[in-house]
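Just below is one structure, and these are the notes that go with it.
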Amino acid sequence: MQLDHLDEAVEACEKALGIDADHSGALVGLGSTRIKQGRLAEAEGLLRRALNLDPQRLDARINLAECLVQMDDFRGAIENLQRVLEREPEHFLAFTKVLFAQHRLGDWRATGAAIDCRLKAAPGCPQAEVERGLWNLLQGQMPLGWDHYEARFRIATQVSVTGPFSEPLWGGEPFPDKTLLLHWEQGYGDMLMFIRFASLAKARGGRVVVLAQPSLADLLATCPGVEKVVPHGDPLPPFDLQLPIMSLPRVFRTDLASIPAEVPYLAIPDRVPNREWIAQV
């Protein structure tokens, strides 16, 4: 199943069930495979049968919850995931799936309570702190949200695509006669959204250099405050300070009233096919 050889996985599980029709592991395996095949009603029946045979199988509950999510039964999914968390409060997969289901229901109070429970069970858990930050941002508690969101750099799987750098992190202090490197860390949309803070950084110091995805370099170079854009992979000029671009709102203590809102902050770059036609649209 992990290799995505689903027909072979089904055959193996069915052979096992032919030997022992009540083998809960084979039922879970077959149910999980049926989820991947989109046969959700059949998957639900197999996983419920496995739980009837062995109510303590957490993998059966996790997979049943995933099946119910795909069937838009978010409350049923949460019920099963809560039973997992009752037995294992630090079960991270169950925690993330609970949050997803609660997001889909728009139940923000329950989402906040789930994050609190996770942080109580696993104090300092960086994933839960990141979720707390995102929850704060959704509630409009922006400075607090930006603070919690910094925990993303304590997640082992959060590997910087542009670093690490030995130069110190910029904390928002004036930096006259120095160069600040702002570097991308996530997707295109985030880079386009947060580049607007470059002009605020420029107002506090010397040069602002941006390390960006190559396909965005020409566009980002049109942003006020950006002196130079270096496509990722090209040599970097010397710099004194550095900061991931999505940490800029924290540096500036951005709230709903102070989001940089001068638009447009990007223009059509010179090197664009059909530039004149685009400018007229």
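Each peptide in 227-235, 209-217 receives the mean, over its residues, of other Cβ atoms within 10 Å, and ordering these scores from highest gives 209-217, 227-235.
Pull out a ≥ b ≥ c, the square roots of the eigenvalues of the alpha-carbon gyration tensor of the stretch 55-149, then state rounded if a/c is under 1.5, prolate if not and a/b is larger than b/c, and oblate in the remaining case.
oblate
Our compactness index for the chain, the C-alpha radius of gyration over the empirical 2.2 N^0.38 Å, is 1.31. When shorter helices are ignored and each DSSP H run of at least 4 residues is given -39500 (n - 2.57), the per-residue value for the chain at 222 nm works out to -15000 deg cm²/dmol. Judged by the gyration tensor of its Cα atoms, with axes a ≥ b ≥ c, the stretch 185-230 is prolate; a/c meets the 1.5 cut and a/b is the larger of a/b and b/c. Here the spin labels are modelled as points 7 Å beyond Cα on the Cα-Cβ line, and at Glu88 and Leu53 they lie 2.0 nm apart.
Within the shell of other residues whose beta carbon sits under 14 angstrom from the beta carbon of Ala113, the net charge comes to +1, with Lys and Arg scored +1 and Asp and Glu -1. Note on the stretch 85-236: lysine pairs with Cα distance below 30 Å, sequence gap of 8 or more or different chains, count 4. For a label point 7 Å from the Cα of Asp177 along Cα→C-beta, name the residues of the stretch 188-205 whose backbone N is under 15 Å from it. It comes to 205, nothing else. By accessible area, using a 1.4 Å probe on protein heavy atoms only, the chain has 54% of its surface on carbon and sulfur. Computed over neighbours whose Cβ is under 14 Å from that of Arg39, the net charge equals -3, Lys and Arg +1, Asp and Glu -1.
Working note: Karplus 6.51/-1.76/1.60 with θ = phi - 60° gives the stretch 10-21 the couplings 4, 4, 5, 5, 5, 4, 5, 5, x, 7, 9, 5 Hz, where Gly and Pro are set to x. In this simple spin-label model, placing a label point 7 Å from the Cα along the Cα-to-Cβ direction at both Asp240 and Glu167 gives a separation of 1.0 nm. When the chain is fully extended, how far beyond the present Cα-Cα distance does Cys117 get from Asn274, taking 0.36 nm per residue of separation? This chain segment gains 51.1 nm when fully extended.
Each residue of the stretch 34-43 was assigned a 3J(HN,Hα) from its phi angle through the Karplus expression (A = 6.51, B = -1.76, C = 1.60, θ = phi - 60°), giving 5, 4, 4, 7, x, 8, 6, 4, 5, 4 Hz with x at Gly and Pro.
The values are calculated or read from the model by the stated rules, or taken from the named source; none is laboratory data. From a predicted model like this one, the values you see are computed outputs, not experimental measurements. FYI the Cβ positions are ideal-geometry reconstructions off the backbone, even for glycines, and counts take in every protein chain you see. Protein only, heavy atoms only, side chains kept; ligands, DNA and RNA dropped before computing areas. Shrake-Rupley method; radii C 1.70, N 1.55, O 1.52, S 1.80 Å.
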